[in-house]
Amino acid sequence: HPWRPRDWGRVKEIRKKVYRSLKCMLSVKFSHGDIHVVDNFNISSHKTKYAVHFLRRILGRRCKSALLVHQGNRDVNNNFRWATAHVANVRRENVEGVSTYILLKYHQLVITEAALQQLIHNLQNFPKERGWLMRCATPDAKPAPRPEMVPGWNEEWKAMKERLLHAEFRAKEMARERKKWRWSSDLKGPLKIPSSDPLTGFRVRDFSARPKAKPWEKYELHELYTDDEPLESGAEHEAELALLEEQLDLRDHVMQADDRRETVDDVSKFESDRLEGVYEGDGDSDND
């Protein structure tokens with residue numbers, strides 16, 4: 001038959017509908033609790049009864065059909081392939097072959113961790129790969145008009161170049177100007193940036209109302225127990241210091257009294273004189 005025209009716009013719309021239907025079907029499976037995640041499909045025997053026992057332990061005995069999704073050869077071995085080859089209403093599929101029709105045909109979905117990560121990655125990056133995202137950040141998604149050139153925008157740069165060319169020590173001046181700039185390593189933005197940024201120490205690092213807590217602060221539970229009272233109050237501390245000073249003063253008086261004590265050989269002195277005179281005489285002798 002002769003060549004027939006093809007509506008490429010309709011094909012693009014169909015692809016979008018297929019993509020949305022796949023996301024919708026996965027959401028329905030998740031809301032019904034029909035998605036089960038396992039680490040891998042590696043079993044030690046190729047017997048079918050071991051694979052059936054493995055699936056019944058995960059899905060139960062009332063499961064009518066199941067779809068087993070894996071990623072290549074990373075999380076499945078030949079024993080599992082041979083064991084599930086002849087099980088009725090059980091299909092083993094690679095993550096790249098998952099479609100809306102297969103998800104509608106089988107009730108339960110058993111998927112490995114690696115396959116789940118690959119499936120999420122494919123769903124998130126598929127619109128970008130197909131070019132469905134907005135390329136221009138404008139309200140009508142069209143390229144913004146090119147701004148007109150401002151007159152005199154490079155007059156200062158021209159004056160600087162003229163000054164360097166006609167300078168007496170041109171080489172030194174150009175070397176000094178080259179040291180002020182350096183090449184940028186960023187993929188976007190200006191090619192040359194200043195060598196030293198004078199506003200580095202004045203930039204605001206954290207401007208959020210709720211700053212992020214330190215890693216060690218999440219284990220500190222201040223709300224459960226707070227000790228507002230100090231370990232020792234000031235009044236008790238002062239009382240202990242006063243008692244200690246009194247004890248030290250008393251010890252000094254006792255030591256001084258021991259130093260002044262003298263042995264008395266003549267007892268007749270105390271018998272003839274009064275006690276006050278003896279005490280006064282001792283005091284006079286000490287003063288002398």
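The values are calculated or read from the model by the stated rules, or taken from the named source; none is laboratory data. Predicted model, so just to flag it, every value in this text is computed and none were measured. Because the Cβ atoms are built from the backbone with ideal geometry, glycine has one as well, and the counts that use them run over all protein chains shown. We work out accessible area using only protein heavy atoms, side chains counted, and drop any ligands, DNA or RNA first. Shrake-Rupley method; radii C 1.70, N 1.55, O 1.52, S 1.80 Å.
All told, A171 falls short of being surrounded by 10 or more Cβ atoms within 10 Å (Cβ to Cβ), over 44 Å from the mean Cα position of the chain (by Cα) and modelled with pLDDT of 85 or more. Pairing residues of segment 59-70 that are under 15 Å from L104 (Cα atoms) and without any contact (Cβ under 8 Å) to a residue 60 or more places away in the chain with residues that are of a type in the set (D, E) and open to solvent by 10 Å² or more (accessible area, probe 1.4 Å), at Cβ distances under 8 Å and at least 6 apart in sequence or on separate chains, gives L67/E93; L68/E93; V69/E93.
Would you confirm whether any residue within segment 28-44 is under 18 Å from A115 (Cβ atoms), part of a strand (DSSP E or B) and among the acidic types (D, E)? So far as segment 28-44 goes, no, none of its residues is under 18 Å from A115 (Cβ atoms), part of a strand (DSSP E or B) and among the acidic types (D, E). With the condition kept exactly as written, say whether any residue in segment 168-183 is touching a Lys or Arg at 6+ places or on another chain (Cβ under 8 Å) and part of a loop (DSSP other than H, G, I, E, B). Checked against the condition, which is being touching a Lys or Arg at 6+ places or on another chain (Cβ under 8 Å) and part of a loop (DSSP other than H, G, I, E, B), segment 168-183 yields no hits at all. Residue count for segment 126-162, restricted to those that are charged (D, E, K, R), outside any helix (DSSP H, G or I) and under 33 Å from the mean Cα position of the chain (by Cα): 1.
Here is a yes/no grid of residues against (1) open to solvent by 100 Å² or more (accessible area, probe 1.4 Å); (2) within 23 Å of K17 (Cα to Cα):
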| residue | (1), (2) |
| --- | --- |
| G60 | no, no |
| H86 | yes, no |
| L103 | no, yes |
| Y106 | no, yes |
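The residue pairs whose first member lies in segment 15-26 and is farther than 12 Å from S99 by Cβ, whose second member is modelled with pLDDT under 95 and basic (K, R), and whose beta carbons are closer than 9 Å, counting only pairs six or more residues apart or on different chains, are R15/R130; K16/R130. Scanning segment 147-163 for residues that are surrounded by 10 or more Cβ atoms within 10 Å (Cβ to Cβ) and over 15 Å from E173 (Cα atoms) yields N154, K158. When the residues of segment 64-84 are filtered to those that are more than 39 Å from the chain's Cα centre (by Cα) and polar (S, T, N, Q), the one that is surrounded by the most Cβ atoms within 10 Å (Cβ to Cβ) is T84. Among the residues of segment 121-134, the ones that are surrounded by 10 or more Cβ atoms within 10 Å (Cβ to Cβ) and of a type outside the set (A, V, I, L, M) come to 7 in all.
Please enumerate the residues belonging to segment 108-117 that are within 25 Å of the chain's Cα centre (by Cα) and either hydroxyl-bearing (S, T, Y) or open to solvent by less than 50 Å² (accessible area, probe 1.4 Å) (or both). Selection gives A114 alone.
If the condition is being open to solvent by less than 30 Å² (accessible area, probe 1.4 Å) and either within 29 Å of the chain's Cα centre (by Cα) or of a type in the set (A, V, I, L, M) (or both), then segment 26-42 contributes L26, V38. Among the residues of segment 82-97, those that are touching a strand residue (DSSP E or B) at 6+ places or on another chain (Cβ under 9 Å) and assigned to a helix (DSSP H, G or I) comprise V95, G97. Against the numbered list (1) at pLDDT below 70; (2) of a type outside the set (D, E, K, R); (3) in contact with a Lys or Arg (Cβ under 9 Å, 6 or more places away or on another chain), L221 comes up short only at (3). The lone criterion from (1) modelled with pLDDT of 95 or more; (2) part of a helix (DSSP H, G or I); (3) not small (G, A, S) left unmet by L67 is number (2).
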